[in-house]
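In what follows, a single structure is set out as structure tokens and then discussed.
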Amino acid sequence: MKIKNIILPAIDGTIFDMHSIAGKPFMLSFFRFASCPFCNMRMHELVKRYGELGDDFTIVALFDSPIDNLTLHAEGHNAPFPILADEDNWYYKQYGIKHSVLGVIKGMLFRMPTLIQGMAKGYIPTTIKGSMTTMPADFLVTSNGMVHQAYYGKDEGDHLPFDRIKEFSHQQSFE
């Protein structure tokens, strides 16, 4: 499957257009609402480990939130990659992102340590602007814009393991 173009507002005040990263391999990552503790823990991990992915690889992060709320909650990550607001869920629908009440319950039950750790870091869901039932998803995309792998989270904290992203980014640097 060929990746679809994405044009959305970014937290840095610009309008992101997927064409700006044409020719680069990347991960397209769909998150839940901006104050989600699981999402913020994942963002923290991605920012902290971003240097492990190589110079030619990037990440594009989408959130199910309005731009003002997303900026409030995500600006502190100081991400070296674009963080975008898809308030109307247009791209979430285009990419088949699921909603699941059961996935929320599973995440709370089976990922409680991560939830507690996230809330201890200050990632407290005070303003939930977006859907509580949105499930995360990650897409690894080759430099020619083809989806290499689509990973749909089974619960609210389920993302593609970082080591798999790292492996893909290193494979792409040799192609």
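Some points to look at:
- Residue match in region 11-19 (condition: at pLDDT 90 or above, closer than 20 Å to Leu160 by Cβ and either among the hydrophobic types (A, V, I, L, M, F, W, C) or surrounded by 19 or more Cβ atoms within 10 Å (Cβ to Cβ) (or both)): yes
- If you go through region 124-149 and keep only what is part of a loop (DSSP other than H, G, I, E, B), in contact with a Ser or Thr (Cβ under 6 Å, 6 or more places away or on another chain) and either modelled with pLDDT of 90 or more or within 19 Å of Glu45 (Cα to Cα) (or both), you end up with Pro125, Met135.
- Taking first residues from region 64-84 that are in contact (Cβ under 8 Å) with a residue 60 or more places away in the chain and surrounded by fewer than 17 Cβ atoms within 10 Å (Cβ to Cβ) and partners that are part of a loop (DSSP other than H, G, I, E, B) and among the β-branched types (Val, Ile, Thr), the Cβ contacts under 6 Å between residues at least 6 apart in sequence or on separate chains come to Glu75/Ile11.
- Index of the failed condition, Glu45 passing every other in (1) at pLDDT 90 or above; (2) surrounded by fewer than 22 Cβ atoms within 10 Å (Cβ to Cβ); (3) over 18 Å from Gly157 (Cα atoms); (4) not β-branched (Val, Ile, Thr): (3)
- Among the conditions (1) closer than 18 Å to Gln149 by Cα; (2) modelled with pLDDT of 95 or more, Lys2 misses just one, which is (2).
- Output for region 59-91, where each listed residue is under 13 Å from Phe26 (Cβ atoms) and either in contact with a Cys (Cβ under 7 Å, 6 or more places away or on another chain) or of a type in the set (Gly, Ala, Ser) (or both): Ala61
- Among the candidates Ile165, Ile116, the residue that is of a type in the set (Val, Ile, Thr) and modelled with pLDDT under 85 is uniquely Ile116.
- Of all residues in region 132-154, those satisfying the criterion of being more than 13 Å from Met27 (Cβ to Cβ) and under 14 Å from the mean Cα position of the chain (by Cα) are Thr134, Met135, Tyr152, Gly153.
- All of Phe81, Phe38, Phe33, Phe110 fail the test of being of a type in the set (Phe, Trp, Tyr) and more than 16 Å from the chain's Cα centre (by Cα), apart from Phe110.
- Screening region 20-37 for residues that are among the polar types (S, T, N, Q) and within 22 Å of Thr134 (Cα to Cα) and picking the one that is surrounded by the fewest Cβ atoms within 10 Å (Cβ to Cβ) gives Ser35.
- Residue in region 80-96 that is out of contact with any strand residue (DSSP E or B) (no Cβ under 6 Å at 6 or more places or on another chain), among the polar types (S, T, N, Q) and modelled with pLDDT under 90 present: no
The values are calculated or read from the model by the stated rules, or taken from the named source; none is laboratory data. Here the structure is a predicted model, which means the values were calculated and not measured. Cβ atoms come from the backbone with ideal geometry, glycine included; neighbour counts cover every protein chain shown.
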